[in-house]
Amino acid sequence: MSTATTRTSPPIGTLLMRGLFDENPVFRLALSLCPAVAVTTTVKNGVMLGVAVFVVQVLSSVSASLLRPVIIPKIRVPLFVIIIAIWVSVMDMVLAAFYPDIYAEVGLYVKLIVAFAIIISRMELFAMKHPPMPAFWDGFGMGLGFLVAMILTGALRELLGSGSVFGIQIVDFNPLLLVILPAGGFFTIGLIMALFNWVDVKRGIAVKDDYKGCHG
Amino acid sequence: MSTPQAAINTAPPSAREMAQIAIGLTVVCLIASIILGGFYLWTEPAKEHNVAAREQLLIRQLLGLSDRAEVGEVRRYLLWRGTNLEVFYLGESRLVQLDAIGNVIATRDVPPETAAEGDVDAWVASVAEPGEEQELRYVGRFFTGIEGGEAAGFVIEGKSIGFKTWIRFFLAVDAEFNLLGIEIIEHEEDPGLGDQITKPYFKHQFTGRSFDDIATIEVTKDPLPNEWRAALEALGETELDDWLQQNADNLAVHPDIHAITGATISSVAVADGVKRALRNFRKRMDLVEDHL
Amino acid sequence: MSMPEPHLYLSTGPHIRRGRTTADIMWLVNLSLAPALLWAVLVFGWPVLGITLSAIAGCALAEHLACKVRGTDSTVYDGSVVCTGLLLAYTLPPGIPLWMPFVGGALGVFFAKTVFGGLGYNIFNVALVGRAIMMATFPVEMTTTWLTPGFGQIGGVDALSGATPLVSLTGGPEAVEAAIVGLPEGMSEGLAFLLGLRPGSVGEVSVLMIVAGAGFLLWQKIIKLTIPLSVLGGALLMSPWSPDPVLYMLSGGLWLGAFFMATDYVTSPSTLKGQIVFGVGIGLLTGMIRNWGGYPEGICYAILLMNTMTPALEEWFRPPRTAPKGTPS
Amino acid sequence: MLRLFASHHGEPTFARGGIHPDEHKELSADHAIEPFVPRSVTVPVSQSLGAPSVPVVKKGDRVVRGQLIASDEAGGVPVHAPVSGIVKSVDRGIHPVLVLDMAITIEAREQEDEPTFQEQPGWETLPREELLERIRVAGVVGLGGATFPTYRKLMLPDDAEVDTLIINGSECEPYLTCDYRLMLEQAEAVVLGAWLIAKIIGVPRCLIGIEDNKADAGAAMTAAIERLALDRSDHPVAMEVVVTQTKYPQGSEKQLIQALTGRLVPQRGLPMQVGIVVQNVATAFACLEAVRNRKPVIERVVTVSGRGIHEPKNLRVPVGTMIQPIIEACGGFDDEVVKVLAGGPMMGRALADLNAPVTKGTSGLLFLTRAETNLDRYQPCIGCGECLDVCPLGLEPNKVSQYVEVGRALETEEFGPLECFECGCCSYSCPSNRPLVQFMQVAKAAYRHEAAKQRTHA
Amino acid sequence: MADAKVLNNNQILVEGPLPTDPESVRLVRADDADILLEVTAVSPGSEPGTFLVTTTETLQTADHYLMTLAGSDLMWSIAPSAMAVLVAGVIGSALINNMVFTRYLGLCVFFGVSRKKETAIGMGVTFTIVGLLSGMLTWALNEFVMRPLSLDFLQIIAFIGIVACLVQGTDLVLKKVNKVLHGKFGIYLMLITTNCIILAVPLLNATNEANLVEGFALALGSGLGFALALFLFSCARERVDMAPVPVVFRGLPIAFIVAGLFALAFLGFSGLSFL
């Protein structure tokens, strides 16, 4: 990643765009899929987890940036993990205390944010090398990218799977139950990823194909 | 996946570094614990309050109580002494101890400080004095709704094995053990099939039945007639009493529970669970009602 | 003599070909499926034809659009997509609303075939993916819209409330007794199952018709007995745990799956030993799902599950070389 | 009469795979071998596997039929003038296999001292070395199509333990009837040739494998064996005709060995390793002529067939005869012809144009119409497994093709492309019309290329 | 306690001498031990030394019942055996509720290392072993330290700490003990820390207050389920690699759709119950 080598901070717009589209943590990097996909059967749950990740991402990035001077490089990874674990625990407790309804459904996944590769990788690749403000915006962009992905997926699945958005009935039809099943979740994400690829094709960018790399 | 490469390929640290690292990690862990402890102290009361409030709200709704009504909790414990069983009921202020056939062995007042915020389970255990290899088991609870100083009804917690795993439900009855309604609390039935047990058209079929109705209730696979379905779905919009008056005929004509299409197992599980929970509750109430 | 200057084609050998094309094979398979369809129309009436056409239309539309988008010639006419539609329809209850097979077929073809690049590259049996999607999407309609068989009264058969007999097989003998309704009077259950005078999915009620079609395929050497026999054998191994082993073995779904779905070229192993393991695996899983699982007809999922094993089976069970290993000269 | 529908009453064949393509042999089977001499010949100097021979004549030279025109000093086999006449050119010309190669063009002129290649008395008792030498100088190569120099094949290493000679009269390729006609018309010569080869390699047993669709050829050969009674000669050889099932590729060395003896030649090994030498009937005949008549290989029998040629025939033509005059001799061909093949329809080569000569390895010239051949586009593999069933070696052409298609030819070794002898059963049977043999060739080439690269690096 | 098991909907097969009177049999559900179930008959079992208890209650094999005889110290506990619970738990978490296909856990690693069969097998084996170890360690920590001390709020940090230490420790030990194995599986060890499954197992165990057998079953089942999913998926992906996938679906989209199809196939296991 280009930002890893340069210490001059990119403009805020770039940071946001990167998180939202170019390096969207869900649809592009596929780095924070695990619990993320599971809770998007409704927008509400998606937003909940999205916000949790957003907050943890921003706080972790800023913490890492602030702590730069005192972090011993050799143990920075364990330190990052501890920092993330702290913020995740905090989020977990706050959500459990104040939003018990939704927490009952997404609780496990909130805890699992601690294993999100995207958060630690932003700390390592960006926050460690930049002052707090850019680190904040980088975390903001990535967190926002995740949140938007959650909303997008959640809205699509809730609409198709139960005909509603945010619990409000929008269309009345025989819902495609498939969409809210795990299989449908995979399909939905796959289709949105394909959509991102399609936009790339239209923009004239070659689709990154992990599959047929350098054989023979 | 993204664990930075550098972290994997570090050379072994020197002694001085080791010390530095050890101190660093200790400090960080300490700080972490302090931060988390702080947050815990801040959020825990709120969490407990909110969880309880959620439960109470549900109970009030089921019993049709006002905000002023009080909701009390009665916890039930079992203790096997060899092949002899003892049963404990812990109310808001009293603990009742019964033997296996329902004779009251002892009653005890709950100390005010325990009732206020102590660990009630621990207190019961200390009173019951289980012997070696004997465990006092908390097995369930029910709630009493008190409106204007009078018992307005009860909510029973029950569970039953559904298609995949346990279905947990609340069961609201009035003082005469007429069913006021059920609510599914937790289940893992299939979407689109078994999960219809949470839909009004299914769970409202139990509403308004007497104890005797429930005792003999059956599940039928006949399709749910449309007008009856519409009536069931309308229950949420009208007061319970009005609804019962309007639908007295319907209740009489439809003594059976119509199973969810394609999910007979889940339907039967709920019906059986309700039947059993109500029957057992009545038996227990007959034993302890006067002592709590 | 003046010599014509011919336009000559160049290629490596061989320059002749057996002549049976993929399309030929697919249309022969479709033909072999005809008896079961005719029987279903006789027993359940015209709606069956509608279901079949709807499923085929859904599959064909998805395939056609996919070809359009890719800018290639439409492959609808090679028969494979028709075969998919037929097989999908055969697994559906005869009273299902007509638009559902269309949706199921289209989604099945899209998710199981189109995105992989078309015929030959799919990993899962397309028809069964369609059915699994329908099971997940329309669970109620897929499990309750049965019709009572009414031989000869085309267009006038009764809806049957209640489950298909196989649901009840898991519920013990009394349940079986209670559920098998609509059988001709005085006919034994086994015979009714064999002939296909019982409630059930469109194309699977009659074991006899399925076997007739399968016999045609065997005669034409389009399928071999390896996979079907392995499937039936595997299922037989699990029959002791079934409350009614005879009906369990005589359910047409098992036979339809064994002869027409498990034998799908693309998604089954092509090596002998691989095919045996594949088939036995399907049989065992079918028995497992039927006897202890949540679905009455396990073979659909059993085949899909074994489809996931196909690449591994092909790698583990390679065809033996004729010649022993030697020192290269 | 040729039997079109072969019976399979326990007749031996190879154990695994194989196909039964339409034979089309009826087109030419009843046409006796006719001689045909063109006005000029163009003889490519490459007439065998290995290095080309070196021309020893130059433009304007007068040559006599049977005279050496290219020597084997740099490898290859000696090449002789197929007709008497004048060397018109020594130049690059078209070769049916190698596309472009050095060729010697001779314009036929009637000679007074035309050699007659009479039988040389005492040939039966010549020592082994002399027999071999005569075969070498006559330029005998495997006439079944492989064109491996015969003397080299017969010059067995000292440690070889060979006990059986197999004479290959299978002619399993559809359309071709040249070997069939030869066995029918020259049975005694073929048997004598076989005996000669058996004598050279010192084996007491000779099996002649003939498919059951050529039972009359088998009968003729059996009769010849009985007449000659070579089991009572100075080098007794037990000779026997074995009628096999008609199944392609019965005529492939390894499959024939398995059918006749049950022995399996190891992967990528030689028949010698299981004690067997295989020679084609035409080669046996050529060996006899080389030894008995001191006649070099200057002509061969070619089956001219296919639905596109007006009069299918079996012609004995001088090596180097161009295709054009042969077409004329067979009454011309249809507009419908889309492919002209040198060899059989399974393993023969398609010719780019008609300006090509017959070589020692040309067993047939086939003029195929659109209906007979296959010009369809190919489709993706549908995994039917047909190619696995028909491959006589147990290879996996389907896998090779799939890997090659996505540019991963170097991951295919386990599927056996290096063992493949390109019989074409897989391509023939593939319902998706996939050119599986070609994919095999690509894989082989990739490995050859890789090996060459490693040699240069080493 | 003597042996007994639920035979069918309303009969229990008991090992012991035939009681004289159905009245003397006291049969209860463990959770409702104060409510006697109506026993209508006792009859000799098919094998000597056994008897059948018939009740009006609809019995369930997965439930827990207790039985005593009046005037006897004998007590029968009628519940699925530990072995049955283990098998059911392993099948449940490996097949029915496969972490990858029904809970979407471990996806990052799942997509990351499923490109080649070899790596998939390596990861699967390593993960199953380490996952089992960590599952047991965290279970013990939770059971004996955190729950008694009410330190639930430290769950996340403690569990991830244990996982990280275990991975580091395994790495060190493996490096010392067997260099070959380390070379083969070492790289996967590091990836395990970012696999949510390894964290989800202790969290789920803590939430469900699992006992030792249940905890073990979940840890083992999740590991095996992940390994199976990974292996099958890698096979499929190797095949997809050679397919002309439409350009917009190449890469991750097709991988997700394949995963979706797997999830669809795994639906076949839903509702599977041997208890």
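The values are calculated or read from the model by the stated rules, or taken from the named source; none is laboratory data. Worth saying up front: this structure is predicted, and the values here are computed from it rather than measured. Because the Cβ atoms are built from the backbone with ideal geometry, glycine has one as well, and the counts that use them run over all protein chains shown. Note: areas computed on protein heavy atoms with side chains; ligands, DNA, RNA excluded. Shrake-Rupley method; radii C 1.70, N 1.55, O 1.52, S 1.80 Å.
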- Message: List the residues of the stretch E:113-149 for which accessible area in the full set of protein chains is at least 40 Å² lower than for the chain on its own; 1.4 Å probe, protein heavy atoms only.
- Response: E:ARG115, E:LYS117
- Query: Each label point is 7 Å from the Cα along the Cα-to-Cβ direction; what then is the distance between the points at D:ASN355 and A:LEU66, in nm?
  - Reply: 8.7 nm
- Read phi for every residue in the stretch D:402-418 and hand back ³J(HN,Hα) as whole Hz from Karplus 6.51 cos²θ - 1.76 cosθ + 1.60, θ = phi - 60°, with x for Gly and Pro. 5, 5, 4, 4, 9, x, 10, 4, 7, 10, 10, 4, 5, 8, x, x, 6
- Note on the structure: Buried accessible area between A and B, both sides, 1.4 Å probe, in Å² rounded to 100, is 2300 Å²
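Per residue, how much accessible area does chain B show when a 1.4 Å probe rolls over the protein heavy atoms, in square angstrom?
On the way: 14970 Å² over 292 residues.
Accessible surface, normalised per residue, equals 51 Å².
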- Message: Within 10 Å of each Cβ in E:69-81, how many Cβ atoms from other chains are there, averaged over the peptide?
- Response: 1
- Choice from A:ALA115, A:ALA127, A:ALA194 showing the highest fluctuation, given a GNM over chain A with Cα pairs closer than 10 Å: A:ALA194
- Query: Each residue of the stretch D:380-393 in turn: what ³J(HN,Hα) in whole Hz from Karplus with 6.51, -1.76, 1.60 and θ = phi - 60°, glycine and Pro shown as x?
  - Reply: x, 5, 9, x, 6, x, 4, 5, 5, 6, 8, 5, x, 9
- Could you tell me, in Å, what Rg and Dmax come out for the Cα atoms of chain E? 24.1, 78
- Where is the GNM fluctuation largest for chain B (alpha-carbon springs, 10 angstrom cutoff): B:HIS49, B:HIS254, B:HIS187? B:HIS49
- Query: What dipole magnitude, in Debye to the nearest 20, does the stretch D:386-457 give about its Cα centre under +1 on Lys/Arg Cβ and -1 on Asp/Glu Cβ?
  - Reply: 340 debye
- Among D:SER28, B:PRO130, D:PHE148 the positive-end extreme of the charge dipole of the protein assembly as shown (Cβ point charges): D:PHE148
- List for the stretch C:259-287: residues with 30 Å² or greater reduction in accessible area, all protein chains versus chain alone, probe 1.4 Å? C:TYR265, C:VAL266, C:SER270
- How much area per residue is accessible in the stretch C:39-103 when the probe is 1.4 Å and only protein heavy atoms are counted (Å²)? 37 Å²
- Message: So if I take the centroid of the Cα atoms in the stretch D:333-369 and the same for the stretch E:1-36, what is the distance between those two points in Å?
- Response: 90 Å
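Over 23 Å between Cα atoms, which of A:LYS44/B:LYS199; D:LYS214/D:LYS313; C:LYS113/C:LYS273; D:LYS453/E:LYS117 qualify? Please list the in-between numbers first.
Values: A:LYS44/B:LYS199 20 Å; D:LYS214/D:LYS313 17 Å; C:LYS113/C:LYS273 26 Å; D:LYS453/E:LYS117 29 Å.
Where the Cα-Cα span goes over 23 Å, the pairs concerned are C:LYS113/C:LYS273; D:LYS453/E:LYS117.
Using a 10 Å cut-off around each Cβ of peptide A:171-181, what is the average number of partner chain Cβ atoms that fall inside? Please list the in-between numbers first.
Numbers: counts 0, 0, 0, 8, 4, 7, 12, 15, 2, 3, 12.
Mean partner-chain Cβ count within 10 Å for A:171-181: 6.
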- Which lysines, on any chain, are close to D:LYS295 with Cα under 17 Å apart, when same-chain ones fewer than 8 places away are left out? D:LYS360
- Note on the structure: Those residues in the stretch E:157-201 that give up at least 20 Å² of accessible surface, probe 1.4 Å, once the partner protein chains are present instead of the chain by itself are E:ILE157, E:ILE160, E:MET190, E:LEU191, E:THR194, E:CYS196, E:LEU199
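Partner chain Cβ atoms within 10 Å, averaged over the residues of E:94-103 - can you pull that number for me? Write down the numbers at each step before the final one.
Working: counts 0, 1, 3, 4, 1, 1, 3, 3, 5, 8.
Across the residues of E:94-103, the mean count of other-chain Cβ atoms within 10 Å is 3.
What GluC sites (Glu not before Pro) in the stretch D:1-91 are in a loop by DSSP, with at most 13 other Cβ atoms within 10 Å of the Cβ?
Working: sites: D:GLU23, D:GLU26, D:GLU73; in loops: D:GLU23, D:GLU73.
Answer by residue number: D:GLU73.
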- Taking H as built 1.01 Å from N, whose amide H comes closer than 5 Å to the amide H of D:THR321, not counting residues under 5 places away? D:THR42, D:VAL358
- With +1 at each Lys and Arg Cβ and -1 at each Asp and Glu Cβ, the charge dipole magnitude of the stretch C:23-316 around its Cα centre, to the nearest 20 debye, comes out at 500 debye
- Any lysines whose Cα falls less than 18 Å from that of E:LYS175, other than same-chain ones fewer than 8 residues away, would be E:LYS184
- Cysteines in chain D that, by Cβ-Cβ distance, have no pairing candidate under 4.7 Å: D:CYS172, D:CYS178, D:CYS206, D:CYS287, D:CYS330, D:CYS381, D:CYS384, D:CYS391, D:CYS420, D:CYS423, D:CYS425, D:CYS430
- Item | Helix-only CD estimate at 222 nm, as mean residue ellipticity for chain D, using -39500 (n - 2.57) per DSSP H run (n ≥ 4) | -8000 deg cm²/dmol
- Query: Along the charge dipole of the protein assembly as shown, Cβ charges K/R +1 and D/E -1, which of D:ALA219, B:ILE167, B:GLN245 sits furthest on the positive end?
  - Reply: D:ALA219
- Query: Quick one: net charge of D:ASN433's neighbours, Cβ under 12 Å, K/R +1, D/E -1?
  - Reply: +2
- Between the stretch D:197-248 and the stretch C:25-87, how many Å separate their Cα centres? 58 Å
- Query: So how much accessible surface do D and C hide from each other in total, probe 1.4 Å, in square angstrom to the nearest 100?
  - Reply: 4900 Å²
- Query: Where in chain B are the DSSP H helices whose alpha-carbon span along the long axis reaches 18 Å or more and whose Kyte-Doolittle mean is at least -0.5?
  - Reply: B:15-63, B:264-288
- Cysteines without a disulfide-compatible neighbour (Cβ-Cβ under 4.7 Å), chain E: E:CYS108, E:CYS165, E:CYS235
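May I ask you to give the solvent-accessible area per residue for chain E, in square angstrom, as obtained with a 1.4 angstrom probe?
Values: 10480 Å² over 275 residues.
Per residue, chain E has 38 Å² of solvent-accessible surface.
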- Cross-link reach list, lysines versus B:LYS203, counting only Cα pairs under 21 Å and skipping chain neighbours closer than eight places: B:LYS159, B:LYS164, B:LYS221, B:LYS275
- Shape of chain D from its Cα gyration tensor (a ≥ b ≥ c, root eigenvalues): rounded if a/c is under 1.5, otherwise prolate when a/b > b/c, or oblate? rounded
- Query: Rounded to the nearest 100 Å², what is the sum over both chains of accessible area buried where E meets A, with a probe of 1.4 Å?
  - Reply: 3800 Å²
- Query: To the nearest Å, what is the center-to-center distance of the stretch E:217-238 and the stretch D:402-422, using C-alpha atoms only?
  - Reply: 30 Å
- Note on the structure: For the protein assembly as shown, the dipole about the Cα centre with charges only on Cβ (Lys and Arg +1, Asp and Glu -1), to the nearest 20 debye, works out at 6340 debye
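Of all accessible surface on the protein assembly as shown at a 1.4 Å probe, what whole percent is carbon and sulfur?
Working: 36610 of 62510 Å².
Percent of accessible area from carbon and sulfur atoms in the protein assembly as shown: 59.
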